[in-house]
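K.L.:
A single structure is presented below for examination.
Laboratory data are not the source of any read-out in this text; all were calculated from the coordinates shown. Predicted model, so just to flag it, every value in this text is computed and none were measured. Cβ coordinates were reconstructed from backbone atoms using ideal geometry, including for glycine residues, and neighbour counts include every protein chain displayed.
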Amino acid sequence: MGAAALLLLADGRFPAGAHAHSGGAEAAVRAGRITGPVSLAAFCRGRLHTSGLVAAALAAAACGGAADPGALDAAADARTPSPALRATARRLGRQLMRATRATWPSPELDALAGAHPGGLHQPVVLGLAARAAGLAPRDAAAAAAYEAVSGPATATVRLLSLDPFDATAVLARLTGDLDRVADLATAAGAAVAARGTDALPAASAPLLDIAAEAHAGWPVRLFAS
C-alpha cells in the first residue's frame, strides 16, 4: 500500500470528521489574529511546532508500537490542558477509529475500540490507523503534522472567504517545517520504547488552549472547535 495509503489517510475527504473542526482558526479569526495569508502562515507555523509536534510524536509512537495505546492516550491527556480540546481529540478519535476499522479491518482495532468506548485521542488513533494501513512511523508523523496545518488553512478559506490559492501557497511554504517536525516526532516516538512516554515532546500553546475554552461556549459557531 505505502504511498497510496498515506495519501488516503491524509486526504481531507477521509471520513474522520476533521472537516467540522478548524483547529483553533475560528477563534483566531474572530480575535483578529488571522486576517489573511501572512497571519494564517504565522498561526499554522506556531500550531505545527507546538500541538502539531506533540500530535505527530504520539502518532509515530502508536504506529511503531512503542507503548500501549492506553499509556499514549494518558500521555496525550497530560499534554492537553484544555478540557474542550481533550473532548475534541476523543470525539475525533472515535470517528477516525470508525473510519479506520471500515477501511483497514483489524482485530487489534476492534479490541481497542471495545476497551476504550469513550475514545482515544485522535493522534493515537491516527498512528494505529497508519499501522493498520501498513505505513511506517514517519508516515504517521507526517500525516499528523500535515493535519495540524491543513485543517486551519481549509477552515480559514471558509471563514474569511480567503482565496484557496493563497491558502495552498501557505501550506506549500510550510513543507520544510513539516518535514522537520515529522523527523523530530519520529525520533521522539521511537525513544518511547526505551524511555517511556516522558520521551514525548510536551510543547504547549497556551493561547490555543484559552481560545478553545472560549470557543466551546459560543452559542453560534461554524466549526465544532
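K.L.:
Name the one entry in A42, A113, A102, A20 that is in contact with a helix residue (DSSP H, G or I) (Cβ under 8 Å, 6 or more places away or on another chain) and among the aliphatic types (A, V, I, L, M).
P.N.:
On inspection, the qualifying residue turns out to be A113.
K.L.:
Still on this structure, I have one more. I'm trying to understand the selection: among the residues of the range 112-138, which are small (G, A, S), free of Cβ contacts under 8 Å to residues at least 40 places away in the same chain and on the phi < 0 side of the Ramachandran plot?
P.N.:
Selection gives A113, G114, G118, A132.
K.L.:
Among the residues of the range 114-130, what is the count of those that are in a helix (DSSP H, G or I) and either in contact with a strand residue (DSSP E or B) (Cβ under 7 Å, 6 or more places away or on another chain) or surrounded by fewer than 19 Cβ atoms within 10 Å (Cβ to Cβ) (or both)?
P.N.:
2
K.L.:
Does P164 satisfy the criteria of being of a type outside the set (A, V, I, L, M, F, W, C), within 23 Å of D179 (Cα to Cα), buried (at least 23 other Cβ atoms within 10 Å of the Cβ) and out of contact with any Asp or Glu (no Cβ under 6 Å at 6 or more places or on another chain)?
P.N.:
For P164, the condition - of a type outside the set (A, V, I, L, M, F, W, C), within 23 Å of D179 (Cα to Cα), buried (at least 23 other Cβ atoms within 10 Å of the Cβ) and out of contact with any Asp or Glu (no Cβ under 6 Å at 6 or more places or on another chain) - is not met.
K.L.:
For the range 6-39, enumerate the residues that are more than 17 Å from G52 (Cβ to Cβ), under 20 Å from the mean Cα position of the chain (by Cα) and part of a loop (DSSP other than H, G, I, E, B).
P.N.:
Across the range 6-39, the qualifying residues are D11, R13, F14, P15, G17.
K.L.:
Looking only at the range 173-209, which residues are in a helix (DSSP H, G or I), of a type in the set (A, V, I, L, M, F, W, C) and under 18 Å from the mean Cα position of the chain (by Cα)?
P.N.:
Correct list: L178, V181, A182, L184, A185, A187, A188, L207, L208.
K.L.:
Additional query: State whether the residues of the range 88-105 include one that is buried (at least 17 other Cβ atoms within 10 Å of the Cβ) and outside any helix (DSSP H, G or I).
P.N.:
Yes; the residues of the range 88-105 include at least one that is buried (at least 17 other Cβ atoms within 10 Å of the Cβ) and outside any helix (DSSP H, G or I).
K.L.:
Just to check your reading of the model, which residue among A87, A155, A71 is within 19 Å of the chain's Cα centre (by Cα) and farther than 30 Å from I34 by Cα?
P.N.:
Just one listed residue meets the conditions, A71.
K.L.:
While we're on this one: Is there any pair with a first residue in the range 64-77 that is closer than 22 Å to T50 by Cβ and a second that is of a type in the set (D, E) whose Cβ atoms are under 9 Å apart and which are 6 or more apart or on different chains, and what are they?
P.N.:
From residues that are closer than 22 Å to T50 by Cβ, the pairs are A75/D198.
K.L.:
From the list T35, T50, which one is crowded, with 19+ Cβ neighbours inside 10 Å, over 19 Å from E108 (Cβ atoms) and either touching a helix residue (DSSP H, G or I) at 6+ places or on another chain (Cβ under 8 Å) or of a type in the set (F, W, Y) (or both)?
P.N.:
T50
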